[in-house]
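Heads up: the structure comes next, in structure tokens.
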């Protein structure tokens with residue numbers, strides 16, 4: 001089932017773009033506390049709390065630009081289920097969307113359990129405190145269901161400066177992503193790459209706004225399809241499709 005806000009977006013021009021790559025992400029349910037935080041954090045809304053927190057932490061003005069601008073190529077909170085990929089020859093975007101709608105409808109929603117602020121390399125992320133096999137299984141099913149749509153991994157490369165082990169290099173070659181199957185970890189990215197001291201200050205400033213969300217956790221209740229028009233520009237939301245109850 002399509003969320004109403006996402007349906008409006010889809011009908012108002014996403015199909016008119018000539019996308020060269022696609023991705024499948026979890027994005028927060030519109031209207032949820034996590035979505036509200038995301039709008040504030042990425043500058044789409046100003047609830048005052050974020051600016052006050054960063055003022056109190058001494059992170060004002062230009063100091064906040066780097067973490068805000070580098071965290072996500074579509075300027076929103078997300079967790080990757082299928083990293084950006086080019087469509088295989090003979091596969092079209094309508095077939096991809098139809099498969100995702102059907103796939104989502106046949107899968108159950110997953111509770112993350114309590115979350116924590118953590119570092120993933122040079123990034124600040126939200127991730128479950130305890131292992132979440134149901135999320136790992138959902139991600140593995142995404143790989144199985146959508147790998148046939150993806151062009152052989154010529155479009156995908158590992159991030160600059162990231163060292164991969166032999167197993168991860170094999171996954172990159174096979175699936176275009178070194179962090180799938182046994183290497184998959186669910187997390188929601190909050191910042192771009194930062195030095196440790198900066199990450200610590202950002203974490204301290206954000207925690208009061210995220211503590212309640214982290215304690216409750218979130219429900220992965222839908223999967224979102226995104227498209228990229230070219231280069232390294234932002235990805236655009238095509239639609240958000242609810243997981244079955």
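Worth pointing out:
- Residue check, residue 156 crowded, with 19+ Cβ neighbours inside 10 Å, at pLDDT below 85 and outside any helix (DSSP H, G or I): yes
- Verdict on residue 178 being at pLDDT below 70, over 14 Å from the mean Cα position of the chain (by Cα) and outside any helix (DSSP H, G or I): yes
- Single unsatisfied condition, residue 166 versus (1) modelled with pLDDT of 90 or more; (2) surrounded by fewer than 19 Cβ atoms within 10 Å (Cβ to Cβ): (1)
- All conditions but one from (1) at pLDDT below 80; (2) under 28 Å from residue 100 (Cα atoms) apply to residue 218; the one that does not is (1).
- The number of residues in segment 195-217 being assigned to a loop (DSSP other than H, G, I, E, B) and touching a strand residue (DSSP E or B) at 6+ places or on another chain (Cβ under 7 Å) comes to 1.
- At least 2 residues being on the phi > 0 side of the Ramachandran plot, at pLDDT below 85 and in contact with a helix residue (DSSP H, G or I) (Cβ under 6 Å, 6 or more places away or on another chain) is the threshold, and among the helices (runs of 4 or more DSSP H) wholly inside segment 59-151 not one reaches it.
- Filter result for residue 194 (in contact with a helix residue (DSSP H, G or I) (Cβ under 9 Å, 6 or more places away or on another chain) and modelled with pLDDT of 85 or more): no
- In segment 192-203, the residues that are touching a residue at least 60 places away in the same chain (Cβ under 8 Å) form Cβ pairs under 8 Å with partners that are in a helix (DSSP H, G or I) and crowded, with 16+ Cβ neighbours inside 10 Å, at six or more places apart or across chains, as follows: 192/67; 194/67; 194/202; 198/67; 202/67.
The values are calculated or read from the model by the stated rules, or taken from the named source; none is laboratory data. Since the model is a prediction, treat every value here as computed from it, not as a measurement. Glycine also receives a Cβ, built like all others from the backbone with ideal geometry; neighbour counts cover every protein chain displayed.
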